[in-house]
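Report on the structure given below.
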Amino acid sequence: MTRLLALSLVVAACAFGGCDAGLVGDNNNNPNDYDPLNPPDPPFPDNPFPDDGTCGDINAIVNGITPTIQLVVDQSGSMSSDFGATNRWDAVYRTLMEGDGMVSRLQSGVRFGLTLYTSNDGNNGGVCPMLQNVQPRLDNYDAMNAIIGPAGPDGDTPTGASIHAVTDTLEAVNEPGPKIIIVATDGEPDTCAIPNPQNNAEATIAENESLDATARAFDKGIHTYVISVGDDVGANHLQQLANVGTGLPAAGGMTQAPYYVALNPDELVDAFGAIVGGVTGCVFTINGEVDPAKAGQGLVSVDGTPLEQGTEWVMRDSKTFEVLGAACDALQNGDLHHISAVFPCGVIIVE
């Protein structure tokens, strides 16, 4: 007998109200006719795993949405520190802008903006924070590159004050879709009033300013993610920022949000990719667990077209899989799309 374990499929961006899912229906496969409450039949055989049975059955319509992502890059002097075969600043630039960088690849499906932030000895140096801004919009590579391309690291790290300013920028954006701040920083925060904390009390003031700014952003509907470029940001502060940035208490409790530490350029690429993939409709979370080593036995399709495991979709961990390449690009174009996936009983870990 075939055992059925229903796994609920949720696009990461659905947390922002960007998609709908419904029951299996008999709709046809014309994308222009998709009904979120009546998805087409899955494109797989009626009994795809005759020797094992089907224990994971996912069928849903998702509504592609365009996120607004402000990339907030720490321009402090320590970003010139070694980072593998390059330095931290150049690694961030290459990840975002160079060749097949994230912005150049995704700019037509993501409203990217850019903020470089630093200070010259806080309030003692005049304007604080010192910001170079590019407003978020589609196809924004040239404007962003004109700012970050000739820039370089110098100064301090007023992270909290900068997040406050970026929040004001994003609050004024009226386009539909989620609003995201991604902060790439390599050091503990300081403030405009205390540009170089000298003791634990002053360091705590600076950390709390960053947490307060991040909480304010969340209250305005803006999620914040932080990437530590190197290992100079304390794990406790990173965890608190991650929690507050997604609406959890700073201490987290039973649930802790993921945070990101990149120790080399490859890990930096992975960190940005994990965050951006999670808000552009290409990362899917299942209610249950799949053995990643056996996930290739499953079947995944987008708009009725089966995808190749390993090149067009991959398991990121036991609970999430990611759609890659052209199929991911399609999911980001703002139209309705049909997602189907089935997994045999042997790859499901039942909780």
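Computed from the coordinates by the stated procedures, all read-outs in this text should not be read as laboratory data. This is a predicted model, so every value here is computed, not measured. Glycine gets a Cβ as well: all are built from the backbone with ideal geometry, and neighbour counts include every protein chain shown.
Projecting each Cα onto the charge dipole of the stretch 119-220 (Lys/Arg +1, Asp/Glu -1 at the beta carbon, about the Cα centre), which of Pro176, Ala161, Gln198 comes out farthest on the positive side?
Pro176
Please give the net charge around Ala235, taking every other residue with its beta carbon less than 13 angstrom from that of Ala235, where Lys and Arg add +1 and Asp and Glu add -1.
In short, -4.
Working only with C-alpha atoms, what are the Rg and Dmax values of the stretch 210-278, expressed in angstrom?
For the stretch 210-278, the Cα-based Rg and Dmax read 11.9, 33 Å.
If you average the sequence gap of Cα pairs under 8 Å that are 6 or more apart and divide by the length of the stretch 68-277, what percent do you get for the contact order?
21
Check Ser108: other-chain or 5+ apart residues with amide H under 5 Å from its amide H, H built from backbone geometry?
Asp139
Checking the a/c ratio against 1.5 first, then a/b against b/c, what shape does the Cα gyration tensor give for the stretch 90-173?
Verdict is oblate for the stretch 90-173.
Post the alpha-carbon centroid distance, the stretch 163-192 to the stretch 235-266, in whole angstrom.
The two parts, judged by their Cα centres, are 16 Å apart.
May I ask you to order 136-143, 274-281 by the average number of other C-beta atoms within 10 Å around their residues, highest value first?
Output ranking for 136-143, 274-281: 274-281, 136-143.
Between Val261 and residues 5 or more places away or on another chain, which pairs have amide H atoms under 5 Å apart, with H built 1.01 Å from N, and which residues are they?
Counting only residues 5 or more places away or on other chains, the set is Ser228.
What residues qualify as long-range amide H neighbours of Asp121, i.e. H under 5 Å apart, gap of 5 or more or another chain, H built at 1.01 Å from N?
Answer set, sorted by chain and number: Asp156.
If you wrap a convex hull around the C-alpha atoms of the stretch 233-309 and split its volume per residue, what is the figure in Å³?
Measuring per residue, one finds 151 Å³ for the Cα hull of the stretch 233-309.
Please report Rg over Rh for the stretch 68-277, where both radii come from the alpha carbon positions and Rh follows the Kirkwood definition.
Across the stretch 68-277, the Cα-based Rg/Rh ratio is 0.93.
Can you sort Cys345, Cys192 from fewest to most other Cβ atoms within 10 Å of each residue's own Cβ?
With the sparsest Cβ surroundings first, the list reads Cys345, Cys192.
May I ask you to evaluate 6.51 cos²θ - 1.76 cosθ + 1.60, the Karplus curve with θ = phi - 60°, for each residue of the stretch 93-110 and list the ³J(HN,Hα) values in order in whole Hz, giving x for glycine and proline?
Whole-Hz 3J(HN,Hα) from phi for the stretch 93-110: 4, 5, 4, 8, 10, 7, x, 9, x, 4, 5, 5, 6, 10, 5, 7, x, 9.
With +1 on the Cβ of every Lys and Arg and -1 on the Cβ of every Asp and Glu, and nothing else charged, how large is the dipole of the stretch 68-277 about its Cα centre, in debye rounded to the nearest 20?
Dipole size: approximately 640 debye.
Going by C-beta contacts inside 10 Å, put Asp190, Asp41, Asp82 in order with the fewest on the left.
Lowest count first: Asp82, Asp41, Asp190.
Could you please rank Thr311, Thr191, Thr214, placing first whichever residue has the fewest other Cβ atoms within 10 Å of its Cβ?
With the fewest neighbours first, Thr311, Thr191, Thr214 line up as Thr311, Thr191, Thr214.
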